[in-house]
Amino acid sequence: MDMSGLLEWLKGSLSSSENRARRILRFLHPEEEKLFLQELRAQRKHSQSLQAVKRLGIIRAYTCALPSFELPKAFSNSIAWEDDIQVTTHALPQANKSRAGTDKGIPWGVRRVRAPEAWGLTTGHKVKVGVIDTGIDFQHPDLRHSIERGINLLQRTMPPHDDNGHGTHIAGTIAAANQLHGMIGVSPRASIYPVKAFDQNGTAYVSDIILGIDWCVRNRMDVVNMSFGMRTRSRALLNAVTNAYHSGVLIVASSGNDGKRGEIDYPARYLSTVAVGATDRDGRIAEFTNRSSRIDVYAPGEKIDSCWLRGVRRNMSGTSMATSHVTGAIALLLAHRPGLSPEQVKSLLRRSTRPLRNTKSPRTSGELDIMRLLRNANKTKG
């Protein structure tokens, strides 16, 4: 393929006055992507427009804003392209006001999954948890001992501070550790690495999520929490999730809050993720959760108390909240049995659940039970 021709087309498209939308260009042949990257680096020094092209290394792809016309036929055998879709977090709108986080305690969801019973065996010590979300409140008293540096993909020179609240809530359920005055998460000695890909409105582009997955793989996260989703399939995101799985990084994803039956959101729908649905206090499937045979495990997701911005706490509901319980459970598991592969972890989760309450039909998955998970892991070879 003519790399100079491709770059000239890109420069012209990036300089066009037409309405543009973000696109992902994915190379089908590794050797051609390598040549393109070399040419791009050489020409970038002399072209302002090419500065806008971002590389998505984990999938040999690039993202930039282009007009809506089709890819020229001359490049169609070497490049696939798709829209760079916007994604939203999976939490329901809340009317509840924030409250001061000064009362100590273990939230009901953390008790429900039997995390406190496991802490005599494992607390998640040194397990690296990537949280691709809106960032984190670094000053929150319940999280200060759990947070590592992370990265801000929206403003690379800035720390991944949370300007929305969702990421802080997720992190609290996973690994809050303020026993004296605050709350305790599922895995209180795990290390949270905030990866800010979502803005203050709780939205992100697929390309930013792929950059987040790439960062998590390169920085050797053990498990990654992705409490968000979309209804549209993305080949680029599938490739990123699959590559992470084969690299030994397991991604936990939420199923969505539309109350659908037989259908869940992407990326939870991909086989190489752990797909999570939500339950209520009684162990029943929450009304709002999407559900299907693709769900690997259900976990508490209704009225979950966790950390919020400016040192307070808030109740929130959603499959986002359920997902954070499962991520915390995996951190406990990996500290107890280091070296388990993503495939082994996913299998253990599926066969260690307890039955859901008041379900009329047979189901392929049940509710998270950490003690069952650890017992089954002890029987696993390797």
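Applying the condition of being among the aliphatic types (A, V, I, L, M) and in a strand (DSSP E or B) to the stretch 191-244 and asking which residue is surrounded by the most Cβ atoms within 10 Å (Cβ to Cβ) yields MET226. The sole residue among SER306, SER320 that is in a strand (DSSP E or B), in contact (Cβ under 8 Å) with a residue 40 or more places away in the chain, in contact with a His (Cβ under 8 Å, 6 or more places away or on another chain) and at negative phi is SER306. Counting residues in the stretch 277-284 that are part of a loop (DSSP other than H, G, I, E, B), aliphatic (A, V, I, L, M) and in contact with a Ser or Thr (Cβ under 9 Å, 6 or more places away or on another chain) gives zero.
Scanning the stretch 17-37 for residues that are at pLDDT 90 or above and over 31 Å from the mean Cα position of the chain (by Cα) yields a single hit, LEU35.
Number of residues in the stretch 126-163 that are touching a Phe, Trp or Tyr at 6+ places or on another chain (Cβ under 7 Å), among the polar types (S, T, N, Q) and either over 25 Å from ALA240 (Cα atoms) or open to solvent by 80 Å² or more (accessible area, probe 1.4 Å) (or both) equals 0.
The set of residues in the stretch 164-190 that are part of a helix (DSSP H, G or I), of a type outside the set (Val, Ile, Thr) and either open to solvent by 10 Å² or more (accessible area, probe 1.4 Å) or farther than 18 Å from ARG310 by Cβ (or both) contains only ALA175. Assess whether LEU237 counts as being more than 25 Å from SER187 (Cβ to Cβ) and under 12 Å from the mean Cα position of the chain (by Cα). In short, yes. Residues that are outside any helix (DSSP H, G or I) and either in contact with a Gly (Cβ under 8 Å, 6 or more places away or on another chain) or open to solvent by less than 10 Å² (accessible area, probe 1.4 Å) (or both) were ranked within the stretch 48-62; the one that is nearest to GLU8 (Cα to Cα) is VAL53.
Residues are listed down the side, and each one gets a yes or a no for (1) at pLDDT below 95; (2) more than 16 Å from the chain's Cα centre (by Cα); (3) surrounded by 23 or more Cβ atoms within 10 Å (Cβ to Cβ); (4) small (Gly, Ala, Ser):
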{"site": "SER255", "(1), (2), (3), (4)": "no, no, yes, yes"}
{"site": "ARG261", "(1), (2), (3), (4)": "yes, yes, no, no"}
{"site": "ASP265", "(1), (2), (3), (4)": "no, no, yes, no"}
{"site": "SER272", "(1), (2), (3), (4)": "no, no, no, yes"}
{"site": "ALA275", "(1), (2), (3), (4)": "no, no, yes, yes"}
{"site": "GLY283", "(1), (2), (3), (4)": "yes, yes, no, yes"}
{"site": "SER293", "(1), (2), (3), (4)": "yes, yes, no, yes"}
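In the stretch 324-334, the condition of being open to solvent by 10 Å² or more (accessible area, probe 1.4 Å) and assigned to a loop (DSSP other than H, G, I, E, B) is met by no residue. Scanning the stretch 144-200 for residues that are closer than 21 Å to GLN86 by Cβ and at pLDDT below 95 returns a single hit, ARG156.
The residue that is most open to solvent (accessible area, probe 1.4 Å), among those in the stretch 335-362 that are part of a loop (DSSP other than H, G, I, E, B) and free of Cβ contacts under 8 Å to residues at least 40 places away in the same chain, is LYS360. Residues satisfying the criterion are absent from the stretch 111-124 (criterion: within 18 Å of the chain's Cα centre (by Cα), modelled with pLDDT of 95 or more and under 24 Å from LYS303 (Cα atoms)).
The values are calculated or read from the model by the stated rules, or taken from the named source; none is laboratory data. All of these numbers come straight from a predicted model, not from anything done at the bench. Note that each Cβ is placed from the backbone with ideal geometry, even for glycine, and that neighbours are counted across all protein chains shown. The area values use the complete protein model at the heavy-atom level, side chains included, leaving out ligands, DNA and RNA. Shrake-Rupley method; radii C 1.70, N 1.55, O 1.52, S 1.80 Å.
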